[in-house]
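Structure, as structure tokens:
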Amino acid sequence: MDQAELNTEQVLKRDIPWETYMTTKLISGTSLQLLRRYDNRPESYRAQLLDDDGPAYVRVFVSILRDIYKEETVEYVLALVDEMLTANPKRARLFHDKSLASEDTYEPFLRLLWKGNWFIQEKSCKIVALIVSARPKIQDGNIANGEASNSKKKSTSIDDVLQGLVDWLCEQLKKPSHPSRGVPTAISCLATLLKEPMVRSSFVQADGVKLLVPLISPASTQQSIQLLYETCLCVWLLSYYEPAVEYLATSRALPRLIDVVKSSTKEKVVRVVVLTLRNLLSKAAFGAQMIDLGLPQIVQSLKAQAWSDEDLLEALNQLEEGLKDKIKKLSSFDKYKQEVLLGQLDWSPMHKDNLFWRDNIKNFEENDFQILRVLITILDTSNDPRTLAVACYDLSQFIQHHPAGRIIVTDLKAKERVMKLMNHENPEVTKNALLCIQRLFLGAKYASFLQV
């Protein structure tokens, strides 16, 4: 059978020759007794054994994984540990019991992440992530897997464990060991581990953030919705970490998050994206970008829906208020610039506001008339009639209000482009193209009589 398609139930049907291992001194007599008592027993019976003597069983499982390399046995013990932790995740605390202070409980799982087949890798990842998350807080010089930091025995430090995990998770996101389960396993594990400050730092240093961004896209199947949710959960956790925010600001993360929140009907997905957007609103240039991407209108639409989650409703209200404040603070020319740079123009009030043009006409000279050049490029590249109509109108406003408007627009070869639009099928486009040409030919003195 393909090892990647193995499952815990199949593995646990195996008969493992524990007596042979004792004969060859790979396990002790005490370990054999514990295994005989535990192996092939009902869940309720095993639960009682773990309640009574949990750390002893952990010691046996860890020592087998450390000393025995036979694949079938390694898979079997990992399946036992996985079953034990799935039934009660709090049992991960057993790995940190004081009686195990001399055991390196992390090392076998960390080694198996890189050495084993997919079944072994997946189980090791899940188990070590749970053990890490369950570790007690560092106190009195103790490191997290129970061994005193002044101990002479070499033990895998928590820093080594977290770094090893991050390396493996990034590798899975780049080149998954399993075609369909590699990425979801890595993302699920990350969603747990990114609560750790050191994991956030290591993940950003490993350039991991860029591996998440392509996974932020609308989902339809149950499986892909869960992957999307856990990816967005990772981004939310990273939104509390400044170096990660700096990377997100230069990526396509924001438009992708907004696409997801606009199209998703799954409440948990919407909640985690809204919480992320709320966190990002005050950072870098996110606020202005959110406004340009139409987030205020999307928030209005989301608020009109019947959500049951109070955290989501509260976050929507906070996001709405934050966006309102951001709109007030953005200067009108900043808003205009963002609109032009996005290439989506609409009849917002500033386009026809002569005061706006008088106050800001000199701003159009910034960066060698960058915004004017983009406006002219839109005439060639846009297929949206509204955008084309507004672009023609704005050019006519520039000609009207700038002392050298006609010369500049002519030098930038805008006339030919506007002339073409005079034959456009949309009457709004032809009307504004005509106005622009009239102002271009008539000059400011006479063009002031031409009003739309």
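The values are calculated or read from the model by the stated rules, or taken from the named source; none is laboratory data. These figures come from a predicted structure and were not determined experimentally. Cβ coordinates were reconstructed from backbone atoms using ideal geometry, including for glycine residues, and neighbour counts include every protein chain displayed. Quick note on the areas: whole protein, heavy atoms, side chains included, nothing else; ligands and nucleic acids left out. Shrake-Rupley method; radii C 1.70, N 1.55, O 1.52, S 1.80 Å.
In the range 91-115, which residue that is under 28 Å from the mean Cα position of the chain (by Cα) and either modelled with pLDDT under 95 or closer than 24 Å to ASN7 by Cβ (or both) is surrounded by the fewest Cβ atoms within 10 Å (Cβ to Cβ)?
By that ranking, first place goes to TRP114.
At pLDDT 90 or above and not β-branched (Val, Ile, Thr): which single residue out of LYS352, LYS420, LYS445 fits that description?
Going through LYS352, LYS420, LYS445 in turn, the sole match is LYS420.
Name the single residue that is surrounded by the most Cβ atoms within 10 Å (Cβ to Cβ) among those in the range 46-59 being more than 18 Å from TYR76 (Cβ to Cβ) and more than 39 Å from the chain's Cα centre (by Cα).
The extreme case among them is ALA56.
Look at SER382 and say whether it is within 43 Å of the chain's Cα centre (by Cα), small (Gly, Ala, Ser) and open to solvent by 30 Å² or more (accessible area, probe 1.4 Å).
no
List every residue pair whose Cβ atoms sit under 7 Å apart, with the two residues 6 or more apart in sequence or on different chains, where the first one lies in the range 207-232 and is closer than 14 Å to THR276 by Cα and part of a loop (DSSP other than H, G, I, E, B) and the second, anywhere, is open to solvent by less than 50 Å² (accessible area, probe 1.4 Å) and not aliphatic (A, V, I, L, M).
ILE216/THR231; ILE216/CYS232
Scan (1) closer than 30 Å to LEU295 by Cβ; (2) open to solvent by 50 Å² or more (accessible area, probe 1.4 Å); (3) modelled with pLDDT of 95 or more for the single condition LEU388 breaks and write down its number.
(2)
Restricting to the range 364-401, name every residue that is among the charged types (D, E, K, R) and touching a residue at least 12 places away in the same chain (Cβ under 8 Å).
To start, the set of residues in the range 364-401 that are among the charged types (D, E, K, R) comprises 365-366, 368, 373, 380, 384, 386, 394.
Answer for the range 364-401, where residues must be among the charged types (D, E, K, R) and touching a residue at least 12 places away in the same chain (Cβ under 8 Å): ARG373, ASP380, ASP384, ARG386, ASP394.
Name the pairs: first residue in the range 402-431 and without any contact (Cβ under 8 Å) to a residue 24 or more places away in the chain and at negative phi, second residue surrounded by fewer than 17 Cβ atoms within 10 Å (Cβ to Cβ) and not in a helix (DSSP H, G or I), Cβ to Cβ under 7 Å, at least 6 apart or on different chains?
THR430/MET422
So GLN139 clears everything in (1) polar (S, T, N, Q); (2) modelled with pLDDT under 95; (3) in a helix (DSSP H, G or I) except one condition, right? Which one?
(3)
Would you mind stating whether ILE408 is open to solvent by less than 50 Å² (accessible area, probe 1.4 Å), of a type in the set (A, V, I, L, M, F, W, C) and farther than 20 Å from ILE437 by Cβ?
no
Could you tell me which of the residues ALA186, ALA206 is surrounded by fewer than 23 Cβ atoms within 10 Å (Cβ to Cβ) and among the hydrophobic types (A, V, I, L, M, F, W, C)? Write out each step before concluding.
On the way: ALA186 fails: surrounded by fewer than 23 Cβ atoms within 10 Å (Cβ to Cβ).
Only one candidate qualifies: ALA206.
Kindly state which helices (runs of 4 or more DSSP H) lie completely within the range 255-362 and contain at least 1 residues that are over 24 Å from ALA389 (Cα atoms) and either free of Cβ contacts under 8 Å to residues at least 60 places away in the same chain or open to solvent by 70 Å² or more (accessible area, probe 1.4 Å) (or both).
267-280, 286-292, 295-303, 310-329
Does the range 70-105 hold any residues that are of a type in the set (Phe, Trp, Tyr) and closer than 27 Å to SER180 by Cα, and which are they?
Selection gives TYR76 alone.
Would you pick out the residues in the range 29-45 that are open to solvent by 90 Å² or more (accessible area, probe 1.4 Å) and either in contact (Cβ under 8 Å) with a residue 60 or more places away in the chain or in contact with a Leu (Cβ under 9 Å, 6 or more places away or on another chain) (or both)?
Matches in the range 29-45: ARG37, ASN40, ARG41.
Which of the residues spanning the range 155-176 are of a type outside the set (A, V, I, L, M, F, W, C), surrounded by fewer than 19 Cβ atoms within 10 Å (Cβ to Cβ) and in contact (Cβ under 8 Å) with a residue 40 or more places away in the chain?
If the condition is that a residue be of a type outside the set (A, V, I, L, M, F, W, C), surrounded by fewer than 19 Cβ atoms within 10 Å (Cβ to Cβ) and in contact (Cβ under 8 Å) with a residue 40 or more places away in the chain, then ASP160 is the only one that fits.
What are the pairs, 6+ residues apart or on separate chains, where a residue within the range 110-129 that is over 20 Å from LEU12 (Cβ atoms) has its Cβ under 8 Å from a residue that is among the polar types (S, T, N, Q) and open to solvent by less than 10 Å² (accessible area, probe 1.4 Å)?
Hits for this filter: LEU110/SER124; LEU113/SER124.
Can you confirm whether the range 3-23 contains a residue that is over 24 Å from ILE120 (Cα atoms) and open to solvent by 60 Å² or more (accessible area, probe 1.4 Å)?
Yes, some residue in the range 3-23 is over 24 Å from ILE120 (Cα atoms) and open to solvent by 60 Å² or more (accessible area, probe 1.4 Å).
Identify, from the list ALA253, ALA249, ALA206, the residue that is at pLDDT 95 or above, within 27 Å of ASP346 (Cα to Cα) and hydrophobic (A, V, I, L, M, F, W, C).
ALA253
Taking ALA79 as the residue in question, decide whether it is at pLDDT 95 or above, buried (at least 17 other Cβ atoms within 10 Å of the Cβ), small (Gly, Ala, Ser) and under 20 Å from ILE16 (Cα atoms).
Criteria met by ALA79.
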